[in-house]
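Notes for the one structure printed next.
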């Protein structure tokens, strides 16, 4: 009968190598998770900053209607140029003044 020799160093190397690889795998997975968490935090921070900045106004309010004096001056200019006759000028002026 032959005596079988055990190889304790070979077994220890195999077990240690497996543990080393498992440890590297876990460390790599944790590093990836931390990177993803940091990236997500950055995106959330960017979104919060965008929401904190007031949005630009969509459109400026329309200019107010010309004042009554401006409208009367326009009518007078049109009358002087001959575009409006005397009756037309009087009617437009009365309409503007509400009389």
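Laboratory data are not the source of any read-out in this text; all were calculated from the coordinates shown. No experiment lies behind these values; they were computed from the predicted model shown. Please note: Cβ atoms are built from the backbone with ideal geometry, for glycine as well, and neighbour counts cover all protein chains shown.
Some points to look at:
- Stretching residue 83 away from residue 19 to a fully extended chain increases their span by 13.1 nm, per 0.36 nm per residue minus the current alpha-carbon distance.
- Order of 25, 79 - criterion: other Cβ atoms within 10 Å of each residue's Cβ, fewest first: 25, 79
- Per residue, the convex hull spanned by the Cα atoms of the stretch 7-50 measures out at 25 cubic angstrom.
- Note on residue 31 and residue 43: their simple-model spin labels are 2.2 nm apart, each label 7 Å out from Cα toward Cβ.
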